[in-house]
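The values are calculated or read from the model by the stated rules, or taken from the named source; none is laboratory data. If you're wondering where the values come from, they're calculated on a predicted model, not measured in any experiment. Here Cβ is always computed from backbone atoms with ideal geometry, including for glycine, and neighbour counts include all displayed protein chains.
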Amino acid sequence: MRYYSSFNLILLLLSSLVLIFLIAPLIGMFLHTSTTGLIETIKERDVQESIWLTVWVSFSTTFIFAIISVPFAWLLARKDFPLKNLVQGVIDLPVVLPHTAAGIAILGFISRDGFLGKVASSAGISFVNNPAGIALAMAFVSLPFLINAARDGFMSVPEKLEKAALNLGAGRLRVFMTISLPLAWRSIISGFVMMFARGMSEFGAVVIVAYHPMVAPVLIYDRFSSFGLNYARPAAVIFIIVALVAFTGLRLLSNRKKVTYSESDYADS
Amino acid sequence: MLTLKNLSKKLGNFRIEGIDLEIDEGTYYVLLGRSGSGKTQLLELIAGLNRPDSGEIWLDDENITNKKIQERNIGLLFQDYAIFPNMTVFGNIAYSLHSDREGKAEVISRVHKIASELNIEHILERDTHHLSGGELQRVALARTLIKSPRLLLLDEPMASIDASLKDDIKRLLRRINRQGMTIIHVTHDYREALNLASLVGVLHNGRIIQEGKPDEVFRKPVNKFVARYSGIRNFFRVSFSKVNNEWDAFCNETTVLNLKPGTYPDEGFLLIRSDGITILSERPPEGTVNCLKGKVTDIIPADQGMELTIDAGIILYADISADSFRQQGVYESKDIWVTLPPENLIVLQGPD
């Protein structure tokens, strides 16, 4: 009994230390930020624009790449093909790369000397210092989170269900849309949230591709390096609040349970 | 109706090889085999979920070997039913009709009709998470039958339901078959074959090693493996010897059984059905053939009576009726006599 009590005490102590380590800097930041400072910062146009830019670029990037990547994740979950392990490794590569290095790689790709840059500039578009460039940098570093979560989600859907749907006469697309996708939905949303979050918080890769227009992490860094901690802190607090609201909202969405295709769906309207 | 011609398929280290099968309209075909024998793979080949490496599948005089799964109209009931958990019972049953782009009123009417036939109309609006095994199976059957498939494939349909529901499901399957549906039912349980089959095939290591009416297969198994599948547990490696124009099987040094006239090899297997052993508490009359004295070492209640384990120089498993059990006053460690009529002894040649 005594052993268990001591063990529980150690567990409690260690857990508390980890939690304090995670929460203390954030609480400290909130405590050191005055309400008036916060209100004044919220009113600043470049802060508003920066946060809005960060949120919409990250969200639309995640959305667009989700449409392209989710079927790819299904492929990885269901099919075996030559060099599949290599492909899996390539997908995880951005996670292990230093993000500044990822930014350099992206910049090389989208600058006027790069392949995509050349194609874009012939159409009069420049990715550098442009939201499109920011989107590519965000996507590069955050895509593995979405693909891996979606792949795991599809793997957890019994293949038998897809086979049963095919046997009932459904085409491959209908099976994907009515069986695979809805049943892997939570994992996909979870990956979506992770990619969105990772994109929003990305600094290293984005700052190399586009210092301007400033996404929130670049704005915070800019304020810190130019004017110091006190000036950067309110912007950081506001960004954290916005991020928390966005993630909580998406998490709540992913936890909704829905049984579809009941008789009411067939009732004549 | 269904013809498989020399069907082969390699799946990892496993191989279905040279399957030839011919099933007439209205047949209830039970394919017996233990897990890993290739039963499910064979059904998936017929349904079109996998393509064979070689061979042909013909259905109603049409070669469907390379036909798309959606166009075969072969119903497949999966072992664990594969009910879609993101849909209600109604959504599950209506799934295939949506594929056919039926009108909404028609869909509702057909779902209610089949649900009523299978006695699940009251659960149509439920989600599927809290259904019992029996209900799930009826939903899966309704979902498959609503499309009026040309052929119904059942993968271990009794494996996931309570024993008490099995009889209901058997009655239901018999009724569906009597209505004209051709059924291929795969199982590892020979009793399902006895109860339902008009034809039985035994699948072993990807090959059909015996086929015929249930009686023929279970009375005359071609080898030890099939015999085991027909519920025979009394197996003895024996040597055969002809003495005074009569054949004897030597089970061991003390137990010798008299065989019916015939030709026998030097060595082989002797099989005795558990229900082919007669139990007597009194010594039988002088001259009774194959009469052994033994002791009851174990008694286990069985479906139709009792299952006795008897040490009679050889260990015998005998099924006796509850009446016979009472009449003979059998109890554990009681000395009894068993008679093994020669016509109940099955001889297998060769090592398997």
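Given the conditions (1) at pLDDT below 95; (2) within 8 Å of chain A (Cβ to nearest Cβ), which single one is not true for B:GLY36?
Answer for B:GLY36: the failing condition is (2).
Hey, could you check the range B:5-48 for residues that are in a loop (DSSP other than H, G, I, E, B) and crowded, with 21+ Cβ neighbours inside 10 Å and say which is nearest to the chain's Cα centre (by Cα)?
B:GLY33
Being of a type outside the set (A, V, I, L, M, F, W, C) and either surrounded by 17 or more Cβ atoms within 10 Å (Cβ to Cβ) or farther than 30 Å from A:PHE154 by Cα (or both) narrows it down to one of A:ASP92, A:ASP80, A:ASP46, so name that one.
A:ASP46
If you scan the range B:158-175, which residues turn out to be touching a helix residue (DSSP H, G or I) at 6+ places or on another chain (Cβ under 7 Å) and under 25 Å from B:ASP60 (Cα atoms)?
Passing the criteria: B:LEU173, B:ARG174.
Going by the conditions given, is B:ILE83 within 14 Å of chain A (Cβ to nearest Cβ), over 24 Å from B:HIS204 (Cα atoms), in a loop (DSSP other than H, G, I, E, B) and β-branched (Val, Ile, Thr)?
Criteria met by B:ILE83.
Output the number of residues of the range B:225-249 satisfying the condition of being more than 30 Å from B:ASP24 (Cβ to Cβ), surrounded by fewer than 19 Cβ atoms within 10 Å (Cβ to Cβ) and not small (Gly, Ala, Ser).
Residues in the range B:225-249 being more than 30 Å from B:ASP24 (Cβ to Cβ), surrounded by fewer than 19 Cβ atoms within 10 Å (Cβ to Cβ) and not small (Gly, Ala, Ser): 10 in total.
Answer yes or no as to whether A:GLU162 is among the acidic types (Asp, Glu) and within 14 Å of another protein chain (Cβ to nearest Cβ).
So A:GLU162 fits the description; yes.
For the range B:37-80, which positions are in contact with a Ser or Thr (Cβ under 8 Å, 6 or more places away or on another chain) and either without any contact (Cβ under 8 Å) to a residue 60 or more places away in the chain or not assigned by TED's automatic domain parsing to the domain that holds B:LEU141 (or both)?
B:ARG51, B:PRO52, B:ASP53, B:SER54, B:GLY55, B:GLU56, B:ILE57, B:TRP58, B:GLN70 - these are the residues of the range B:37-80 that are in contact with a Ser or Thr (Cβ under 8 Å, 6 or more places away or on another chain) and either without any contact (Cβ under 8 Å) to a residue 60 or more places away in the chain or not assigned by TED's automatic domain parsing to the domain that holds B:LEU141 (or both).
Criterion first (closer than 23 Å to A:LEU97 by Cβ and either within 14 Å of another protein chain (Cβ to nearest Cβ) or touching a Gly at 6+ places or on another chain (Cβ under 7 Å) (or both)) does A:PHE127 satisfy it?
The answer is yes for A:PHE127.
Residues that are in the same structural domain as B:LEU31 (by TED's automatic domain parsing) and under 22 Å from B:ILE46 (Cβ atoms): does the range B:113-132 have at least one?
No: the range B:113-132 contains no residue that is in the same structural domain as B:LEU31 (by TED's automatic domain parsing) and under 22 Å from B:ILE46 (Cβ atoms).
Does B:ILE279 fit the bill of being surrounded by 16 or more Cβ atoms within 10 Å (Cβ to Cβ) and either modelled with pLDDT under 90 or among the aliphatic types (A, V, I, L, M) (or both)?
yes
I want to confirm something. Restricting to the range B:250-263 and keeping residues that are of a type in the set (Ser, Thr, Tyr) and at pLDDT 85 or above, which single residue is surrounded by the most Cβ atoms within 10 Å (Cβ to Cβ)?
B:THR255
Which residues, taken from the range A:163-180, are surrounded by fewer than 23 Cβ atoms within 10 Å (Cβ to Cβ) and within 26 Å of A:ASP92 (Cβ to Cβ)?
A:PHE176
Restricting the range B:220-258 to residues that are more than 29 Å from the chain's Cα centre (by Cα) and of a type in the set (A, V, I, L, M), which is nearest to B:ASN205 (Cα to Cα)?
Ranking the qualifying residues of the range B:220-258, first place goes to B:ALA249.
So which residues in the range B:222-272 are in contact (Cβ under 8 Å) with a residue 60 or more places away in the chain, touching a helix residue (DSSP H, G or I) at 6+ places or on another chain (Cβ under 7 Å) and part of a strand (DSSP E or B), if there are any at all?
B:ASN234, B:ASN258, B:PHE269, B:LEU271, B:ILE272
Which one is nearest to the chain's Cα centre (by Cα) among residues in the range B:65-80 that are crowded, with 21+ Cβ neighbours inside 10 Å and either part of a loop (DSSP other than H, G, I, E, B) or among the basic types (Lys, Arg) (or both)?
B:PHE78
Does A:SER122 count as in contact (Cβ under 8 Å) with a residue 12 or more places away in the chain and of a type in the set (S, T, N, Q)?
Considered against the rule, which asks whether it is in contact (Cβ under 8 Å) with a residue 12 or more places away in the chain and of a type in the set (S, T, N, Q), A:SER122 comes out as no.
Matching residues to (1) in contact with a Gly (Cβ under 8 Å, 6 or more places away or on another chain); (2) among the hydroxyl-bearing types (Ser, Thr, Tyr); (3) under 15 Å from B:ILE183 (Cα atoms); (4) within 14 Å of chain A (Cβ to nearest Cβ):
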{"position": "B:LYS5", "(1), (2), (3), (4)": "yes, no, no, no"}
{"position": "B:PHE14", "(1), (2), (3), (4)": "yes, no, no, no"}
{"position": "B:LEU49", "(1), (2), (3), (4)": "no, no, no, yes"}
{"position": "B:ASP61", "(1), (2), (3), (4)": "no, no, no, no"}
{"position": "B:THR65", "(1), (2), (3), (4)": "yes, yes, no, no"}
{"position": "B:ILE69", "(1), (2), (3), (4)": "yes, no, no, yes"}
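B:ILE19 is checked against (1) aliphatic (A, V, I, L, M); (2) facing chain A (nearest Cβ under 9 Å); (3) over 24 Å from B:GLY180 (Cβ atoms) and fails just one. What number does that condition carry?
(2)
With respect to A:PHE7, is the statement that it is touching a residue at least 12 places away in the same chain (Cβ under 8 Å) and out of contact with any Cys (no Cβ under 7 Å at 6 or more places or on another chain) true?
No; evaluated as a whole, the condition is false for this residue.
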